[in-house]
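For reference, the structure is listed below as structure tokens.
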Amino acid sequence: MSFLEIDNLSVSFGGLKALTGVSLSVGRGEILAVVGPNGAGKSTLFNAVNGFVDVQGGSIRLEGKELTRMAVHKRATLGITRTFQNLELLPFKTALDNILMGLHLKIHTGLFSSAIHFGKNRRMEERAEAEALGVMSSLGIRFCRDSPAGSLPFVTRRMVELARALVSRPVLMLLDEPSSGMNEQETRELGKVIKWIRAEYGTAIILVEHDMSLVMGISDRVLVLNFGMKLSEGPPDRIKRDKQVQEAFLGKSYDDAGG
Amino acid sequence: MSIKSGNSKLYLREDREKRSDWIFFILVLPVIFVLPLFLGSYSTYLCNLVGIYIIIAVGLNILTGYTGQVSLGHAAFVACGAYASALLVTRLHLSFLIAMPLAGVITSVAGLITAIPALRLKGLYLAIATMAFSFIVGEAIVALSDLTGGVGGMFVPNIVVFGYKISTDRQFFYLLFPLVILLCLAAKAVGDHSRIGRAFFAIRDSEPAAEAFGVSLTQYKILAFVLSSFYAGVAGSLLAHYLGMIGPDNFTLMHSIQYIVMVVVGGMGSVAGSIMGAVFISLLPEGIRIVKDYLPEFLRQEQELHMVIYALVMLGFMIFEPSGMYGRWLRIKYYMKRFPFNKKKARIFKRREIKYSSAME
């Protein structure tokens, strides 16, 4: 049985069907890229897995556990983390504090202990800080530990978000357009980082991505969505040659349309 | 709408504590404790009021500055604490030392009850809902006149601690300020380095991110209300016993606004800022009184001059220093730190640069 299983998932907003009958399975430690034209339902799929949208039909299971109706913050306890397309960092907090936020569920201290910041809270905070700094070093952003996140360059902010998602050692990571706003070289670096994350942490990664070189370079499998439906699914090489996919992205070629 | 601390184009770090802060603290501490020995009765009275306002402002800062939830009904929480404590002492004959924390707890329950409808509301709507709560409390005080004395107010006995009666301003000062310091440090510890503080800030800055990383919005918003109203309750209890006489006039909408102003002018999200704000705003009327003597005759006779200056100060802060007094303090600190080489660094903080960068977007 696979690790994340999405079965016949349907989401609609009023009359608009954002997703219709999408089924999908992701294995442990697999990198799956979700591609598709604008409005294909990629982000909706993410938000459904994450719990930000209500699902009308179908089910989502993680390790056999039903998450379809689970609250967003409860899903995080199962080890699902994500990054956001439009960066949801705390701009006035330091990069380190932002990353520590990712450890919210790993630190267990009560109000009283926090208020005196002594003993248990101090020990836990120190351990969490060490953990966060470790991840920062691995991603090469340790230099900005004390800078407010809002003041950082865009690409660094993306890395801080990635670190925040990574620091709790998740089993499933959802990356929403991680390379948007990056240039070619930065995108290549990002590809390496994502592969390293999988190798180091064994995390299953689902990413929505527009940059085809990144998608083809790192993903084990590619899922193509179009108008909320699954158009095609398979290894990147096959997807690249798939006629239907080419049509969805580029339109029908002149020869095909004529013939 | 979410209230953010400071100018959205200017990201001043919300400082964690540093060793220099501790040195500052250790230097200031003895000054606070010898202060009343050199002050007259009236000045000590003012200091005590300032101390009580500091507790309220620091508490409100947890709700508004940390968590981004506006409360325009904080005076109602103070009222809850004041009447609860007064009734516990006069009717149930409890000792003040028990009545005060108990008043805090009772007010926390009031905060909890307010928080439940407030969970669904944001920004302005939340402000209006909390304002409604304060009207309800105001009406309740009048309606329950058997207990509260209604519009006429009620007398509250002096504090008695272990059989020792606290009757002078100076005695009250020494009772009050250890408590003020304790509550400020606790609020700072929670804000600076704890999962609870980070959850609060996450709710303020980005609810989706907070949820995605396991913060239960319901739980933490309620917690913010409960903590904030606990502070208000304790402050209310102290205020009641210090003034000796409380009535609905002590807890009006104007007071609620004043508390919000303290937090905003001081600098949202920082305990030091709230302290500065509380000191500044509560001493402003005194400052105006002193300045008044030097003003021309026609201004001096103006009854509402106090309110006009008050409004001007608010406007001035909103326009020139949206990150509050604490933000200004941070800038001065950065400036001093790099003193001989400040030219280049200071440029980042220049107004023109900020305007330029916002024009770029």
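The values are calculated or read from the model by the stated rules, or taken from the named source; none is laboratory data. A quick note: this is a predicted structure, and the numbers were derived from the prediction, not measured. FYI the Cβ positions are ideal-geometry reconstructions off the backbone, even for glycines, and counts take in every protein chain you see.
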Filtering the stretch A:8-64 for residues that are within 14 Å of chain B (Cβ to nearest Cβ) and either closer than 18 Å to residue A:222 by Cβ or over 15 Å from the mean Cα position of the chain (by Cα) (or both) leaves a count of 4
Test: residue A:123 is over 28 Å from residue A:153 (Cα atoms) and either under 17 Å from the mean Cα position of the chain (by Cα) or more than 7 Å from chain B (Cβ to nearest Cβ) (or both):
yes
Of (1) under 30 Å from residue A:148 (Cα atoms); (2) within 14 Å of chain A (Cβ to nearest Cβ); (3) not basic (Lys, Arg), residue B:126 fails just (2)
Being of a type in the set (A, V, I, L, M), in contact (Cβ under 8 Å) with a residue 12 or more places away in the chain and either farther than 29 Å from residue B:216 by Cα or in a strand (DSSP E or B) (or both), is that true of even one residue in the stretch A:41-59? no
If we ask which residues in the stretch B:175-221 are at negative phi, over 19 Å from the mean Cα position of the chain (by Cα) and of a type in the set (Gly, Ala, Ser), their number turns out to be 8
Selection from the stretch A:126-142 of residues more than 13 Å from chain B (Cβ to nearest Cβ), in a helix (DSSP H, G or I) and under 21 Å from residue A:92 (Cβ atoms) yields A:133, A:136, A:142
Are any of the residues in the stretch B:78-94 closer than 18 Å to residue B:129 by Cα and surrounded by fewer than 24 Cβ atoms within 10 Å (Cβ to Cβ)?
-> no
Exercise. Hey, any hits in the stretch A:65-72 for a residue that's surrounded by fewer than 19 Cβ atoms within 10 Å (Cβ to Cβ), facing chain B (nearest Cβ under 10 Å), within 22 Å of residue B:217 (Cα to Cα) and among the hydrophobic types (A, V, I, L, M, F, W, C)?
Worked result: yes
Screening B:190, B:226, B:263 for residues that are more than 8 Å from every other protein chain (Cβ to nearest Cβ) and closer than 28 Å to residue B:329 by Cβ leaves only B:263
By residue number, the members of the stretch A:151-173 that are part of a helix (DSSP H, G or I), within 11 Å of chain B (Cβ to nearest Cβ) and buried (at least 22 other Cβ atoms within 10 Å of the Cβ) are A:161, A:164, A:165
The condition of being of a type outside the set (Lys, Arg), more than 14 Å from chain A (Cβ to nearest Cβ) and without any contact (Cβ under 8 Å) to a residue 24 or more places away in the chain holds, among B:146, B:169, only for B:146
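One line per residue, one yes/no per condition, for (1) surrounded by 19 or more Cβ atoms within 10 Å (Cβ to Cβ); (2) more than 8 Å from chain B (Cβ to nearest Cβ):
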| site | (1), (2) |
| --- | --- |
| A:92 | yes, no |
| A:99 | yes, yes |
| A:112 | no, yes |
| A:116 | no, no |
| A:144 | yes, yes |
Of the residues in the stretch B:198-223, those that are within 7 Å of chain A (Cβ to nearest Cβ) and in a helix (DSSP H, G or I) come to B:198, B:199, B:201, B:202, B:205, B:208, B:209, B:211, B:212
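Condition check ((1) farther than 24 Å from residue B:227 by Cα; (2) at pLDDT below 90; (3) touching a Phe, Trp or Tyr at 6+ places or on another chain (Cβ under 6 Å)) across all residues:
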residue	(1), (2), (3)
B:79	no, no, yes
B:87	no, no, no
B:108	no, no, yes
B:144	yes, yes, no
B:157	yes, yes, no
B:180	no, no, no
B:183	no, no, no
